[in-house]
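Written below as C-alpha cells is the structure these notes are about.
The values are calculated or read from the model by the stated rules, or taken from the named source; none is laboratory data. These numbers were taken from a predicted model, which means no experiment stands behind them. Counting neighbours? That spans all protein chains shown, and the Cβs are built from the backbone with ideal geometry, glycine included.
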Amino acid sequence: MIEFHDAGYGYGGRELLTEMSLTLAPGSFHFLTGPSGTGKTTFLKLCYRELQATAGRVSIFDEDTRGMERDDVAQLRRRIGVVHQDCQFLDHLSVAENVALPLTVSGQPRDDGDLSDLLSWVGLSEQINARPPELSGGERQRAALARAVIMSPDVILADEPTGNVDWEMSLRLLQLLIELNRMGKTVVIATHDLHLIRQAKSQVAARVLRISNRRIQQSGADL
Amino acid sequence: MKTILLPFLNFSESTSGRVVPPSGFTAQLTVITSAAMAFLAVFALALSMATGRLAERWGNELARGSTVRISAPAEQVDAQVAAALKVLETTPGVAAARLLSEEEETLLLEPWFGPDLPLDTLPLPALIDVQETSDGFDAEGLRLRLAGEAPGAVLDDHSRWRKPLLRAAERLRFLGVLSLILIAGVTGGMITLAANAALAANGQVIRTLRLVGATDRFIAGAFVRRFTLRGLSGALIGTFLGMIAVALLPSADEAGSFLTGLGFVGAQWLWPLAIPVLAALVAFAATRVAASQTLRRLM
Ligand SMILES: Nc1ncnc2c1ncn2[C@@H]1O[C@H](COP(=O)(O)OP(=O)(O)O)[C@@H](O)[C@H]1O
Ligand SMILES: [Mg+2]
C-alpha cells in the first residue's frame, strides 16, 4: 500500500530521517512512536505526499510519488484519510460541513443520513451545527477522525490523535480506529503514549515502528 | 456573501462556494468599484455613440449640400442672386439650386448662435442652397464662373469646415472607445488585486482544502465564482445608475445646442446592457489568472 525504499528526508539539508525501507501492507495496523521532535509528523507527511522524500523513493498505491502531478496528489488525498495533529478545520463552517468537506471538494453528493450516522458513530450528534472553535479537544479529534473516514479511504493516518485528551477519550478514539482496521482499513497511529499501544495490542495485531537515531526500527511484540 | 451596504446581494451560496470565508469589506469594495467603473463606462459608451451619430450626420448632410453666399450692397443683391442662380442652373453636377428664405436662414444659424439672434440688425448675406448630383461639380470651375457673373458670390462647399469637425467627432469617438478599454483594464487590475489579497488572506484555508483532496481547479473556482458575482452585481448597479443619469440629461431640443446630444437613441439603449456582461467576463478572467498563478506558487 505504502512503500519506503531507502527513503530519507531533511528540512533544508539537515537530515532528519534516513535509510527508511518498509512496507505498510493493506489491512495492517501500525503504531509510530518516538520522542517528540524525532520526525513522526514528517514520516506521516511522506505517507500522504505533503512532503516528498529528499532521498530514496516512496510509493503510494504502487505509484512513485516523485513524478506526481498536482492533480494526482489531490486524487491521492481522497484515498488517504488523515487526522492531523492540529485538526485543520475551516472555522467558518459548521462541524457537519467540515466533516463533509472531502465530499464537497471532490464534487460528490452529501448524504445527510450517512453523515449523521457517521457523526453519531464518533459521538458528535449534538455538535452537528457547532463551529469548530466551540469544540473541546476530544470532540475536535473525533470530528477530525470523522472527516478522515468520510471518503471511505483505504488508509487512515492519525497524528497524535490522543495528544490532548484524557485517558477515557483516548480509549474511545483507539476503539474507533480499531473498528476501522477490522473493516479492512490500513491504520497508522503516531503517538508517544505507550499505554495506548499496550492497550491496543490486546485487541489487534499491531506493529510498532520506532524512530530512533534518525531511522525507523520495526519491532514486533516486544514492548 | 454578506454585505452591509448592499443587503439585497445577500444571496445564499452552495457549500462549495462557501469553503472560502466571506471577506466583508474587501467584497463590498470590489462591488462598489465595479459599480463606479460601470457608471463611467456608460458615459464613455454614450460619448462614443453620440459622436458616432454626429459624425454620421455631418458626413451625410454636409457631403452633398453646398452653399453660395452672396454679400453685396443691398441694391445689387437681387441681381447678383439671379445671375448666380443662372450660372448654377447651367453647371453640370448641380442637381438643384434654391435661394433660402430668411426663416430658413435663421433656423440654420440658430444652433450656432442661439435663438435670440437679432437678424434684422445684422447684415446677413443671401444664401443659395446647392444640391449636387452624385457625381458632384467642379468647385474651382464654378468659382471662376461665379466670380465673372456675380462678384459678391462665394462658393462654400462645406468641406473646408466639415472636415475638421468630422475629424473632431471621430477623434472624440476614438477617445470614448479608448476610455471603455481603459475602464475594462482598470476593472481587471482592481479585481486582480482584490483576488490576490483574498488568496493571500486565505492561505490557511487553501492549505486545509488541499489536505482533504481539493484540486487547484476547485479552489480557484471558489474564488472565481465569488469575484465574478461581485463584478457582475457591481456592474449591474453602476450600469443602471449610469443609464438613469444619461436618460435624465437635458434633451437636445430643450437646450437647443448640438453638444447636448449625448445619450442613446432607440435600440442603442441595449448597448449599455453589455457592460455588466463584460464586467463579469473581466472579473472571471482576472480572478482565474490570479488564482492559477497564486496556487501554483503556493505549494
Ligand atoms: N517545516 C519545517 N521546517 C523546518 N524544520 C521542521 C519543519 N517541520 C518540522 N521541522 C523539524 O523537524 C523535526 C521533526 O518534526 P516532527 O516531524 O513534527 O516531529 P514529531 O512529530 O515527532 O514531534 C523537529 O525538530 C522540527 O523542528
Ligand atoms: Mg508531530
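Which one is nearest to the other protein chains (Cβ to nearest Cβ) among residues in the stretch A:3-13 that are surrounded by 13 or more Cβ atoms within 10 Å (Cβ to Cβ) and within 11 Å of ligand 1 (Cβ to nearest atom)?
Residue satisfying both the conditions and the ranking: A:9.
Six or more apart or on different chains, Cβ atoms under 7 Å: show the pairs whose first residue is in the stretch B:74-99 and in the same structural domain as residue B:142 (by TED's automatic domain parsing) and whose second is surrounded by fewer than 18 Cβ atoms within 10 Å (Cβ to Cβ) and hydroxyl-bearing (Ser, Thr, Tyr).
B:93/B:133; B:95/B:133
I need the full set of residues from the stretch A:14-31 which are touching a Lys or Arg at 6+ places or on another chain (Cβ under 8 Å), part of a strand (DSSP E or B), of a type outside the set (Asp, Glu) and more than 10 Å from ligand 1 (Cβ to nearest atom), in order please. Talk me through it step by step, then tell me what you get.
Of the stretch A:14-31, the ones touching a Lys or Arg at 6+ places or on another chain (Cβ under 8 Å) are A:15-20, A:27-31.
Going one step further and asking which of them are part of a strand (DSSP E or B), we end up with A:15-20, A:29-31.
Narrowing the set further to residues that are of a type outside the set (Asp, Glu) leaves A:16-18, A:20, A:29-31.
If the condition is that a residue be touching a Lys or Arg at 6+ places or on another chain (Cβ under 8 Å), part of a strand (DSSP E or B), of a type outside the set (Asp, Glu) and more than 10 Å from ligand 1 (Cβ to nearest atom), then A:18, A:20, A:29, A:30, A:31 are the ones that fit.
Conditions tested, residue by residue: (1) away from every other protein chain (no Cβ under 14 Å); (2) aromatic (Phe, Trp, Tyr).
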{"position": "B:169", "(1), (2)": "yes, no"}
{"position": "B:174", "(1), (2)": "yes, yes"}
{"position": "B:178", "(1), (2)": "yes, no"}
{"position": "B:183", "(1), (2)": "yes, no"}
{"position": "B:192", "(1), (2)": "yes, no"}
{"position": "B:220", "(1), (2)": "no, no"}
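Being over 18 Å from the mean Cα position of the chain (by Cα) and on the phi > 0 side of the Ramachandran plot is true for just one of A:107, A:113. Which residue is that?
Values: A:113 fails: on the phi > 0 side of the Ramachandran plot.
Unique residue meeting the criteria: A:107.
Would you pick out the residues in the stretch B:21-47 that are within 30 Å of residue B:209 (Cβ to Cβ) and modelled with pLDDT of 85 or more?
First, pick out the residues of the stretch B:21-47 that are within 30 Å of residue B:209 (Cβ to Cβ): B:21-34.
Result: B:28, B:29, B:30, B:31, B:32, B:33, B:34.
Working only within the stretch A:32-51, note down all residues that are assigned to a helix (DSSP H, G or I) and either near ligand 1 (Cβ under 9 Å from one of its atoms) or within 14 Å of another protein chain (Cβ to nearest Cβ) (or both). Explain how you work it out, then say what you get.
Our first condition is that a residue be assigned to a helix (DSSP H, G or I); within the stretch A:32-51, this holds for A:40-47.
Hits for the stretch A:32-51 are A:40, A:41, A:42, A:43, A:44, A:45, A:47.
Any chance the stretch A:88-101 includes a residue that's modelled with pLDDT under 90, away from chain B (no Cβ under 11 Å) and part of a loop (DSSP other than H, G, I, E, B)? Don't jump to the end; show me each part of the working.
Kept after step one, since they are modelled with pLDDT under 90, are these residues of the stretch A:88-101: A:88.
Now restrict to residues that are away from chain B (no Cβ under 11 Å): none.
Among the residues of the stretch A:88-101, not one is modelled with pLDDT under 90, away from chain B (no Cβ under 11 Å) and part of a loop (DSSP other than H, G, I, E, B), which makes the answer no.
Within the stretch A:19-40, count every residue that is on the phi > 0 side of the Ramachandran plot, buried (at least 21 other Cβ atoms within 10 Å of the Cβ) and more than 16 Å from ligand 2 (Cβ to nearest atom). Please lay out each step first, then the result.
Going residue by residue through the stretch A:19-40, those that are on the phi > 0 side of the Ramachandran plot are A:19, A:27, A:34, A:37, A:39.
Checking the rest, the ones that are also buried (at least 21 other Cβ atoms within 10 Å of the Cβ) come to A:39.
Now narrow it down to the ones that are more than 16 Å from ligand 2 (Cβ to nearest atom): none.
Qualifying residue count for the region: 0.
Kindly indicate the residue of the stretch A:66-85 that is assigned to a helix (DSSP H, G or I) and within 14 Å of another protein chain (Cβ to nearest Cβ) and also surrounded by the most Cβ atoms within 10 Å (Cβ to Cβ) among those meeting that condition.
Narrowing the stretch A:66-85 to residues assigned to a helix (DSSP H, G or I): A:66-67, A:70-77.
Those still in the list that are within 14 Å of another protein chain (Cβ to nearest Cβ) too: A:70-77.
On the way: A:70: 13, A:71: 11, A:72: 15, A:73: 18, A:74: 22, A:75: 14, A:76: 18, A:77: 24.
Per the criteria, the residue is A:77.
Yes/no per residue for (1) within 14 Å of residue A:30 (Cα to Cα); (2) surrounded by fewer than 18 Cβ atoms within 10 Å (Cβ to Cβ); (3) not assigned by TED's automatic domain parsing to the domain that holds residue A:60:
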| position | (1), (2), (3) |
| --- | --- |
| A:146 | no, no, yes |
| A:158 | yes, no, no |
| A:169 | no, no, no |
| A:186 | yes, no, no |
| A:189 | yes, no, no |
| A:197 | yes, yes, no |
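Considering only the stretch B:194-204, state which residues are surrounded by fewer than 20 Cβ atoms within 10 Å (Cβ to Cβ) and within 14 Å of chain A (Cβ to nearest Cβ).
Our first condition is that a residue be surrounded by fewer than 20 Cβ atoms within 10 Å (Cβ to Cβ); within the stretch B:194-204, this holds for B:196-197, B:200-201, B:203-204.
If the condition is that a residue be surrounded by fewer than 20 Cβ atoms within 10 Å (Cβ to Cβ) and within 14 Å of chain A (Cβ to nearest Cβ), then B:201, B:203, B:204 are the ones that fit.
Does residue A:11 fit the bill of being touching a Leu at 6+ places or on another chain (Cβ under 7 Å) and either in contact (Cβ under 8 Å) with a residue 24 or more places away in the chain or within 16 Å of ligand 2 (Cβ to nearest atom) (or both)? Give the derivation first.
Values: touching a Leu at 6+ places or on another chain (Cβ under 7 Å): no; either in contact (Cβ under 8 Å) with a residue 24 or more places away in the chain or within 16 Å of ligand 2 (Cβ to nearest atom) (or both): yes.
Criteria not met by residue A:11.
For the stretch A:57-87, how many residues meet the condition of being within 16 Å of ligand 2 (Cβ to nearest atom) and at pLDDT 90 or above? Talk me through it step by step, then tell me what you get.
Step one: of the stretch A:57-87, the residues within 16 Å of ligand 2 (Cβ to nearest atom) are A:82-87.
Okay, now just the ones that are also at pLDDT 90 or above, so A:82-84.
Residues meeting the conditions: 3.
Pick from the stretch A:118-142 the residues that are among the small types (Gly, Ala, Ser) and closer than 24 Å to residue A:195 by Cβ: which of them is nearest to ligand 1 (Cβ to nearest atom)?
Looking only at the stretch A:118-142, we keep the residues that are among the small types (Gly, Ala, Ser), and these are A:120, A:123, A:125, A:130, A:136-138.
Checking which are closer than 24 Å to residue A:195 by Cβ leaves us with A:123, A:136-138.
Details: A:123: 27, A:136: 23, A:137: 18, A:138: 20 Å.
Only one residue fits best here, namely A:137.
Looking at the stretch A:147-162 only, could you name the residues that are in a loop (DSSP other than H, G, I, E, B), touching a residue at least 12 places away in the same chain (Cβ under 8 Å) and either away from chain B (no Cβ under 14 Å) or not charged (D, E, K, R) (or both)? Steps first, please.
Taking the stretch A:147-162 and keeping what is in a loop (DSSP other than H, G, I, E, B), we get A:150-154, A:160-162.
Going one step further and asking which of them are touching a residue at least 12 places away in the same chain (Cβ under 8 Å), we end up with A:150-151, A:153-154, A:160-162.
Selection gives A:150, A:151, A:153, A:160, A:161, A:162.
On the given criteria, is residue B:247 more than 14 Å from chain A (Cβ to nearest Cβ) and at pLDDT below 90?
On the way: more than 14 Å from chain A (Cβ to nearest Cβ): yes; at pLDDT below 90: yes.
It is true that residue B:247 is more than 14 Å from chain A (Cβ to nearest Cβ) and at pLDDT below 90.
Return the residue satisfying two criteria in turn: it lies in the stretch A:41-56 and is among the hydrophobic types (A, V, I, L, M, F, W, C) and within 14 Å of ligand 2 (Cβ to nearest atom), and of such residues it is nearest to the chain's Cα centre (by Cα).
Among them, the one singled out is A:44.
Answer yes if at least one residue in the stretch A:106-123 is more than 19 Å from residue A:176 (Cα to Cα), modelled with pLDDT of 90 or more and at the interface with chain B (Cβ under 7 Å from one of its Cβ atoms), and no otherwise.
Within the stretch A:106-123, one or more residues are more than 19 Å from residue A:176 (Cα to Cα), modelled with pLDDT of 90 or more and at the interface with chain B (Cβ under 7 Å from one of its Cβ atoms).
Residue A:58 - would you say it is hydrophobic (A, V, I, L, M, F, W, C), assigned to a strand (DSSP E or B) and over 26 Å from residue A:164 (Cα atoms)? It would help to see each step written out before you state the result.
Details: hydrophobic (A, V, I, L, M, F, W, C): yes; assigned to a strand (DSSP E or B): yes; over 26 Å from residue A:164 (Cα atoms): yes.
The answer is yes for residue A:58.
Determine whether residue A:18 is of a type in the set (S, T, N, Q), touching a residue at least 60 places away in the same chain (Cβ under 8 Å) and under 15 Å from residue A:5 (Cβ atoms).
On the way: of a type in the set (S, T, N, Q): yes; touching a residue at least 60 places away in the same chain (Cβ under 8 Å): yes; under 15 Å from residue A:5 (Cβ atoms): yes.
Spelling it out, residue A:18 is indeed of a type in the set (S, T, N, Q), touching a residue at least 60 places away in the same chain (Cβ under 8 Å) and under 15 Å from residue A:5 (Cβ atoms).
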